[in-house]
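Peer 1: Quick one: the structure is below, and I'll ask about it shortly.
The values are calculated or read from the model by the stated rules, or taken from the named source; none is laboratory data. Remember, it's a predicted structure, so these values are computed and weren't measured experimentally. Neighbour counts are summed over all protein chains in view; Cβ atoms, including those assigned to glycine, are modelled from backbone coordinates with ideal geometry.
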Amino acid sequence: MVLLSSGGEQRLRNVLYGAGFCSALFFLLAPVIFMLLTALSRRPDFLGNGYSITLIHFREILTTPSLHFVRYCINSLAVSLASAGITTGIASCGAYAVTRFPFKGRTAVLLTILSLSMFPQICIAGYLFRIIAAAGMINTWAGLILPYVAWIMPLAFWILISYFAQIPRELDLAAFVDGCSPLHTLVTIIFPLAAPGLFSTLLLTFIFAFNEFMFALMLTNDHAARTVPVGIALFQGLHGEIPWGVIMAASVITTLPVICMTLLFQRRIIHGLTRGAIKG
C-alpha cells in the first residue's frame, strides 16, 4: 500500500480535478465544435477528405428565399420575447400574492403547480391542438404564445417564489402604513429589490421558449409562424439530400447569440437563482 504525503495528496487531487474538468468541458464543447466545423466545411464528411473553410453555407442560409430562415428567426424572437414577458409578469404577481397574503390551501396550490409541471408535453398535445384549432389560431404567433406561457409558468413561478420569500415583509407593512396599495408596493418596492430574480426568470423563460420544438411543430404549418428549431429540422425536406452544411450554419447562427447572452449575464443569472435559496 502506497502512502502519499500531504503534498502528494494535494497534487493527486489537483490532477483528478483537472482531468474531471477537462473531460466535462470536452463533453460539453465537442458538439458545438463539430457543428461549427461542419458549417465552415465545403463537405459534411470533412473528417475523411481534408478540410477547407468556406462561408458559402452561411451565405446560403441568409440569402436563399425558399429556406425562410430570416422569417423563422423573426418568429422565434417575437414569440419568445412575448412569452417570456407575459410569463414573468403573471408569475411575479402570483409569487407576490403567495408569499405575502396567507390563505387556505396555499400549500395545495404550490404542490398542484409543481405537479402540473411534471407532465410531459405529449400528454396534452391532442387536446391543445383541438383547442388552438377551434380558436382559429393555428399557424399564428398567438397560437404559440399561449401554450408557451402555460408551459413555462411553473418554472417562473417557483423561481420568483423562492426569491420574493427572502424579501422582508416589513417593507410591505411600512408601505401599507404610508398608504401604498399592494400593486403600488409591488411595482415600486418589490420589483426593484427583486430585479436580479426577475431578470434571471425573464432570461431563462426566453431560452426555454426559444428552444421549444414540439408545440411549434404541432401548431404551425408554414413559414408564417414557424420557429427556428422546427424550421431547421425541416430543411431536409426542401432538398434531395440532407444539407448538413446549411443545417449546421443555421444552428450556429441560432445558438451563438443564446450562448453569448448566457455567458454575458451568467453572474446575474446565478445571483438571481441562488439568492432566493439563501436565508438572510
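Peer 1: From the list Pro31, Pro120, Pro102, exactly one residue is in the same structural domain as Phe191 (by TED's automatic domain parsing) and over 28 Å from Ile189 (Cα atoms). Which is it?
Peer 2: Sole residue among the options that is in the same structural domain as Phe191 (by TED's automatic domain parsing) and over 28 Å from Ile189 (Cα atoms): Pro120.
Peer 1: If you don't mind, there's one more thing I want to ask. Looking only at region 172-187, count every residue that is among the β-branched types (Val, Ile, Thr) and more than 25 Å from Leu81 (Cβ to Cβ) and tell me the total.
Peer 2: Of the residues in region 172-187, 2 are among the β-branched types (Val, Ile, Thr) and more than 25 Å from Leu81 (Cβ to Cβ).
Peer 1: Here is a further query. Tell me, please, whether a residue that is at pLDDT 80 or above, among the aliphatic types (A, V, I, L, M) and assigned to a loop (DSSP other than H, G, I, E, B) can be found in region 44-55.
Peer 2: yes
Peer 1: Condition check: touching a residue at least 24 places away in the same chain (Cβ under 8 Å), part of a helix (DSSP H, G or I) and surrounded by fewer than 18 Cβ atoms within 10 Å (Cβ to Cβ). Does Phe191 satisfy that?
Peer 2: Yes, satisfied.
Peer 1: Count, please, the residues in region 168-188 that happen to be touching a residue at least 60 places away in the same chain (Cβ under 8 Å) and either more than 13 Å from Ser92 (Cα to Cα) or out of contact with any helix residue (DSSP H, G or I) (no Cβ under 6 Å at 6 or more places or on another chain) (or both).
Peer 2: 3
Peer 1: Looking only at region 63-81, how many residues end up being surrounded by fewer than 19 Cβ atoms within 10 Å (Cβ to Cβ) and either assigned to a helix (DSSP H, G or I) or in contact with a Cys (Cβ under 6 Å, 6 or more places away or on another chain) (or both)?
Peer 2: The total comes to 10.
Peer 1: Taking the options Gly126, Gly179, Gly136, name whichever one is of a type in the set (Gly, Ala, Ser), in a helix (DSSP H, G or I) and surrounded by fewer than 18 Cβ atoms within 10 Å (Cβ to Cβ).
Peer 2: After applying the criteria, what remains is Gly126.
Peer 1: Further question on the same structure: Here are some residues: Leu202, Leu219. Which one is surrounded by 15 or more Cβ atoms within 10 Å (Cβ to Cβ), modelled with pLDDT of 85 or more and under 30 Å from Ile167 (Cα atoms)?
Peer 2: Only one candidate passes the filter, namely Leu202.
Peer 1: Counting only residues that are hydrophobic (A, V, I, L, M, F, W, C) and not in a helix (DSSP H, G or I), which one in region 244-280 is modelled with the highest pLDDT?
Peer 2: Looking at residues that are hydrophobic (A, V, I, L, M, F, W, C) and not in a helix (DSSP H, G or I), I get Phe265.
Peer 1: A further question on this structure: For region 201-212, does any single residue satisfy the condition of being assigned to a helix (DSSP H, G or I), in the same structural domain as Leu77 (by TED's automatic domain parsing) and either free of Cβ contacts under 8 Å to residues at least 12 places away in the same chain or more than 15 Å from the chain's Cα centre (by Cα) (or both)?
Peer 2: no
Listed here are the residues, each with its yes/no results for (1) within 19 Å of Thr227 (Cβ to Cβ); (2) touching a Phe, Trp or Tyr at 6+ places or on another chain (Cβ under 9 Å).
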| site | (1), (2) |
| --- | --- |
| Val98 | no, yes |
| Thr107 | no, no |
| Ile122 | yes, no |
| Ala134 | no, no |
| Thr140 | yes, no |
| Tyr148 | yes, yes |
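Peer 1: I'd like the full set of residues that are surrounded by 14 or more Cβ atoms within 10 Å (Cβ to Cβ) and either outside any helix (DSSP H, G or I) or more than 28 Å from the chain's Cα centre (by Cα) (or both), limited to region 164-176.
Peer 2: Ala165, Gln166, Ile167, Asp172, Ala175
For every residue, the table says whether it meets (1) farther than 30 Å from Ala165 by Cα; (2) under 24 Å from the mean Cα position of the chain (by Cα); (3) at pLDDT 85 or above.
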| position | (1), (2), (3) |
| --- | --- |
| Met1 | yes, no, no |
| Leu16 | yes, no, yes |
| Phe27 | yes, yes, yes |
| Arg59 | yes, no, yes |
| Ser80 | no, yes, yes |
